[in-house]
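Here's the structure we're looking at; comments come further down.
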Amino acid sequence: MEYKLSTVLVGHTLDVRGLTITNDGFIVSVARDRTVMLWKPNSEDNGFTNVHIFKQHQGFVMCVTALNNSEILPFGIILSGGNDKQIFGFVPHSFEPVLVETGHKGAVCKLNPGVLPDTFISSSWDSTARLWKIIKESEKRYLAVLISICNGHSMAVWSAIQLSTKHLITGSADKTIHVHVIVFGKHDKSTTIIKKLTGHTDCVRDLASLKENEFLSCSNDATVKHWNQLTGECLQTFHSHPSYIYSLWVDPLNSIFVTGGEDRYVNVQQNSEQQVILHPAQSIWSVAVLPNSDIVTGSSDGVIRIFSTDFKRQASDEELTAFQQEVENVNQIAEKENDELSIEGLPGPDKLLISGKTDNELVTINENGKRVVYKWLSDKLIWEKVEDFTNDKIKVAHEGKEYDYMWNVDIQDNMPSLKLLYNKTEDPWSVAQKFIHTNSLPQSYLETIAKFIISNAKLNPNEVSAVSLNNVDPYTGNARYVPTSSNPSAFFPQTDYIKFDHGKIDVIFNKLESFNAELKEEFYKLSENELLSILSLLQSNVDPDIDTVNLLMSLVCDWPHEILFPVLDIIRLAVRNKNINDILSSDDIIIKKLLPHIQNIENPINQMLSIRCLCNLMFHEKGELLILKHYELILIFIQKLEKENLSQKHLQVAIATFLLNLSVMIKQSEDAMAIQNITNTISALCLKLSEPNAIKRCFVAIGTLLSLKNPPTLSTEIQDYIELIIALPSSETSDIITCCKDIKNILRNSC
């Protein structure tokens, strides 16, 4: 068994949230772009053609299923459900819906066929699942008649299926699975729950039936479980994903099951065999299996991909190579993102000395500074490498050439990013000069661009400074600027603020949407329109609605702290917009809302995101003035932090970045007392840190302040720490050592 890419279907503009297969092999897809698309298989090749687009939904379309043709439904029917709480029914020859059902009070998140003809089951964020029977109302209209309601869950029902025994199975965000029997004649049409299955430790996201009394479930806890509904026993647990599993599909012969989830994973399980198919998209929302056993996936990049084991239906060698390169490029980009997975926090190779608990269990380790995934083979009693997420040989291709690095550089607001390309063998100053000429940038940018390359490519600044091209710029013939020993450092003084720009908007918004669905009644639950309004705040050139901005900020107080992090992440990204920044900076709104979370050491994630918000706030004038007004209050909190409060890497980096930005801001003043206070705070914090990137930013901040005409004084403790670091052997912390040497040179020259 080896699935390889067969073809790619492009049509949707946003996440493909649901897939289904009709009995004649058509693919039906639904997406966040509010459309339902019907894809017909081509007779001449392995591709599919989009033959219908249905556009009736008023919100995100989340799910789809297809019922076979019958006496009542001669053409079958396609059913779709979404955030607008509606279920629509379509037939291929008509663009207008032939069925509209509005019985649910929350988003309809899953649809599945029932066991009997013309029946289907819907699952909803209103905490219910419903069994329906379709009847004919007129020649062109159908009705969905409610047969039974599955109550009993305390949160959203993400999926529901009916087994061949007629039992209904529901899986919920409350982490439980219920087994229901239909009781006819009850006034409220409610089912009776005969079993409550527990075992998952997070939301149950999808279900799929197997043989008579057995079924599979998948969960945000990264497991798939095999259940017997008669006994309530979990027969087997599959550890096949590193993160959330969203979608599950079993082929008609029960020979394989396929799962899709977060971290770009699709897993194919056939008996004891397993294959992982990595995608170039973060989230694989939906999977399906065609009648010929080809696998279909729908992902967060809006693309549908088909994979086959039949070499006749597989893509050409060139297309397969291009797909693999796309996956590897995403791996490389993910590895280089500063705020992603902490390699340092992963277990080392000694983790592999401990046997796995179940076959195909996955474990991620730090192997020579690289993030590597292994899976446990129970028959061989060994760990086998699955995927090396870091590959020094991988290069970025651009316009037919390969480069070690490609950075997207934002020169001006509302202008497209420029691509800065660099190979380690090149002189960064020459590359910076060429970049300036190619893009008609001011010559004054040279030093900033060169230092950016030196820092982000982790070059040794001293070696770079010694490179000589006879001081001639090969692109202009003019003398090339070469840094000399008169420069205090390649790392400071820092002249610009650092902001936390990166964010997978779809992942953040999906989390917000999911938490909103699971909120208990005592908390404020957002409507679909309110969710869409909040999402609109993240568009680049949006003219923000003040009511929406205020609504977003109200959640900071109204929502439980443990589910607040997507709200704070949206605020972090939103304040990059000047208009939103101005609104939140007026009347000190944002400071008043964030300070309680900054001071709450019990929730370091909310702490970290709140401080990131402050960093991004400084990029516009009103936000900068607001920080200037309140920074002393924030410094008092930072000064009180103990080492045990700083165990999380990202929190350390956030605080160090805020202090570095503060040093850039305060150096423009001549307030000697304020400069000394900030220096003392940075120095004291630096002694408590363990994360190299955070330590480096603290030293850059110290160096920036020491570069002033009237520099502050350093405490004996931080000077001793600097001497200690300089004495360390050169390693991964070489940047920190260089910073410390540069600081020591400044101190020596000032004596």
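Some points to look at:
- Test: residue in the stretch 646-664 that is small (Gly, Ala, Ser), touching a Cys at 6+ places or on another chain (Cβ under 8 Å), over 18 Å from Cys615 (Cβ atoms) and surrounded by 21 or more Cβ atoms within 10 Å (Cβ to Cβ): no
- For the stretch 256-285, a residue qualifies if it is touching a residue at least 24 places away in the same chain (Cβ under 8 Å), assigned to a loop (DSSP other than H, G, I, E, B) and not aliphatic (A, V, I, L, M), and the qualifying residues are Glu262, Arg264, Ser272, His279, Pro280, Gln282, Ser283.
- Filter result for Leu584 (over 21 Å from Asn83 (Cβ atoms), surrounded by 17 or more Cβ atoms within 10 Å (Cβ to Cβ) and either without any contact (Cβ under 8 Å) to a residue 24 or more places away in the chain or touching a Lys or Arg at 6+ places or on another chain (Cβ under 9 Å) (or both)): yes
Quick grid of which residues meet (1) buried (at least 24 other Cβ atoms within 10 Å of the Cβ); (2) within 22 Å of Lys55 (Cα to Cα); (3) assigned by TED's automatic domain parsing to the domain that holds Val28:
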site	(1), (2), (3)
Val91	no, yes, yes
Val115	no, no, yes
Asp126	no, no, yes
Ala129	yes, no, yes
Arg141	no, yes, yes
Leu146	no, no, yes
Cys150	yes, no, yes
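- From the list Asp582, Asp588, the lone residue that is touching a helix residue (DSSP H, G or I) at 6+ places or on another chain (Cβ under 9 Å) and on the phi > 0 side of the Ramachandran plot is Asp588.
- Counted residues, the stretch 541-568 - those being under 24 Å from Glu522 (Cβ atoms) and buried (at least 16 other Cβ atoms within 10 Å of the Cβ): 13
- The condition (being surrounded by fewer than 22 Cβ atoms within 10 Å (Cβ to Cβ) and of a type in the set (Phe, Trp, Tyr)) is satisfied by just one residue among Phe184, Phe215: Phe184.
- Flag if Leu594 is assigned to a helix (DSSP H, G or I), touching a Phe, Trp or Tyr at 6+ places or on another chain (Cβ under 9 Å) and surrounded by 21 or more Cβ atoms within 10 Å (Cβ to Cβ): no
- Inspection of the stretch 265-286 identifies no residue that is among the charged types (D, E, K, R), over 19 Å from Ile161 (Cβ atoms) and surrounded by 19 or more Cβ atoms within 10 Å (Cβ to Cβ).
- For Leu99: the one exception among (1) modelled with pLDDT of 95 or more; (2) under 32 Å from the mean Cα position of the chain (by Cα): (2)
- Considering Thr22, Thr65, Thr35, Thr49, the condition of being of a type in the set (Val, Ile, Thr) and without any contact (Cβ under 8 Å) to a residue 24 or more places away in the chain is satisfied by Thr49 alone.
- Lys688 falls short on exactly one of the conditions (1) part of a helix (DSSP H, G or I); (2) of a type outside the set (Val, Ile, Thr); (3) in contact with a helix residue (DSSP H, G or I) (Cβ under 8 Å, 6 or more places away or on another chain), and that condition is (1).
- Taken over the stretch 374-388, the residue count meeting the criterion of being modelled with pLDDT of 75 or more and surrounded by fewer than 18 Cβ atoms within 10 Å (Cβ to Cβ) is 8.
- No other residue among Glu513, Glu518 is under 23 Å from the mean Cα position of the chain (by Cα), farther than 17 Å from Gly59 by Cβ, charged (D, E, K, R) and crowded, with 17+ Cβ neighbours inside 10 Å apart from Glu518.
- Some residue of the stretch 22-32 being within 18 Å of Trp132 (Cβ to Cβ), of a type outside the set (A, V, I, L, M), surrounded by fewer than 17 Cβ atoms within 10 Å (Cβ to Cβ) and out of contact with any Ser or Thr (no Cβ under 7 Å at 6 or more places or on another chain): no
- Of the strands (runs of 3 or more DSSP E) lying entirely inside the stretch 36-121, those containing at least 1 residues that are in contact with a Ser or Thr (Cβ under 6 Å, 6 or more places away or on another chain) and under 18 Å from Leu143 (Cβ atoms) span 61-67, 77-82, 87-90, 108-113.
- Selection over the stretch 445-457 of residues that are farther than 16 Å from Leu418 by Cβ and either in a helix (DSSP H, G or I) or modelled with pLDDT under 70 (or both) gives a count of 4.
- Test for Asn606: is it among the polar types (S, T, N, Q), more than 17 Å from Leu626 (Cβ to Cβ) and part of a helix (DSSP H, G or I): yes
- Scanning the stretch 150-169 for residues that are among the β-branched types (Val, Ile, Thr), without any contact (Cβ under 8 Å) to a residue 60 or more places away in the chain and in contact with a Leu (Cβ under 8 Å, 6 or more places away or on another chain) yields a single hit, Ile161.
- Which listed residue is among the hydroxyl-bearing types (Ser, Thr, Tyr) and touching a residue at least 60 places away in the same chain (Cβ under 8 Å), from Ser80, Ser43, Ser94, Ser70: Ser80
- The single residue among Ile636, Ile627 that is farther than 20 Å from Ile695 by Cβ and surrounded by fewer than 16 Cβ atoms within 10 Å (Cβ to Cβ) turns out to be Ile636.
- Within the stretch 104-111, one or more residues are free of Cβ contacts under 8 Å to residues at least 40 places away in the same chain and touching a strand residue (DSSP E or B) at 6+ places or on another chain (Cβ under 9 Å).
- Some residue of the stretch 347-359 being at pLDDT 75 or above, among the hydrophobic types (A, V, I, L, M, F, W, C) and in contact with a Lys or Arg (Cβ under 7 Å, 6 or more places away or on another chain): no
- For the stretch 524-540, the tally of residues that are surrounded by 13 or more Cβ atoms within 10 Å (Cβ to Cβ) and part of a loop (DSSP other than H, G, I, E, B) stands at 5.
- Any hit, the stretch 41-48, residues being of a type outside the set (Phe, Trp, Tyr), buried (at least 23 other Cβ atoms within 10 Å of the Cβ), touching a Lys or Arg at 6+ places or on another chain (Cβ under 6 Å) and assigned by TED's automatic domain parsing to the domain that holds Lys312: no
The values are calculated or read from the model by the stated rules, or taken from the named source; none is laboratory data. As the structure is a computational prediction, the values presented were derived from the model and not from experiment. Neighbour counts are summed over all protein chains in view; Cβ atoms, including those assigned to glycine, are modelled from backbone coordinates with ideal geometry.
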